[in-house]
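In what follows, a single structure is set out as structure tokens and then discussed.
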Amino acid sequence: LVAFVGGPTYDSVSGSNHCLLPVAYNFFPTGAPPVPAVDPKDLAMKARDLMVIDNPQVDRNPKAAAAGVAGATLVDLPTYFWVTNPASVGGGNGTRTVTATAGLVSVKVVANTTGLTISSPVGGQSCTPAQALVRYSPTVAESSACVYTFPSASVGYPSGFPVQASSRWNATWSGTGQATPVAVPGPDRVGAAQLNVPVAESQAIST
């Protein structure tokens, strides 16, 4: 079926007539819609790729102020790490959501992270999103925060141990033609940042 939109007009400046615009319509049987022009899975992959995953911005405690060990933590002393930008771990529940629409096709992409991972040359720790948001306080229990205890001093690393703070994200999608969430194909997304953590030893003599 071809219909026409607009109306015939006369342009007095150019002395020409503007014609109607033809528009084609196609009908389909009830209950049998045509295949969407955009594949919902492709739209979900594009939405996942464009989702902003913030790199963690991390602070820590303790930071010694003594001369020669400025900013250092100590061997065998619990060191608290936390993110100052909650979005980098999806808030307390570790979730980010984006909805994408192209014509009649719409999908919802939900990305999830298990939290923050602290890695160093001498070990590391994995923390839940909720733990990664807990700032140090003398009253905060180690079990409720993101805590790692360095087993040795950062001898040989002039700026301190290179520590990576990262969050790994996977995603599912649902929407047009897919009511139950399924995994978005492709590699996981990763947000990561590196900081240097000097680790000093506190010497003592016991008698």
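The values are calculated or read from the model by the stated rules, or taken from the named source; none is laboratory data. Since we're looking at a predicted model, the values are computed, not measured. When we count neighbours, we look across all protein chains shown, and the Cβ atoms used for this are built from the backbone with ideal geometry, even at glycine. Surface accessibility is based on the protein's heavy atoms, side chains included, excluding ligands, DNA and RNA. Shrake-Rupley method; radii C 1.70, N 1.55, O 1.52, S 1.80 Å.
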All positions within segment 125-144 that are more than 21 Å from the chain's Cα centre (by Cα) and within 13 Å of Val58 (Cβ to Cβ): Tyr136
Filtered residue count, segment 145-177, keeping only those that are under 27 Å from the mean Cα position of the chain (by Cα) and open to solvent by 50 Å² or more (accessible area, probe 1.4 Å): 5
Look at segment 146-194 and say how many of its residues are touching a Lys or Arg at 6+ places or on another chain (Cβ under 8 Å) and part of a loop (DSSP other than H, G, I, E, B). 4
Grab the strands (runs of 3 or more DSSP E) fully contained in segment 1-67, keeping just those with 2 or more residues being open to solvent by 50 Å² or more (accessible area, probe 1.4 Å) and modelled with pLDDT under 85. 2-5, 9-11, 16-18, 21-24
Looking for whichever is among the β-branched types (Val, Ile, Thr), in contact with a strand residue (DSSP E or B) (Cβ under 8 Å, 6 or more places away or on another chain), over 30 Å from Tyr157 (Cβ atoms) and buried (at least 21 other Cβ atoms within 10 Å of the Cβ) here; the options are Val107, Val89, Val83, Val98. Which one fits? Val107
I want to confirm something. Restricting to segment 178-199 and keeping residues that are within 18 Å of Gly160 (Cα to Cα) and more than 15 Å from the chain's Cα centre (by Cα), which single residue is most open to solvent (accessible area, probe 1.4 Å)? Gln194
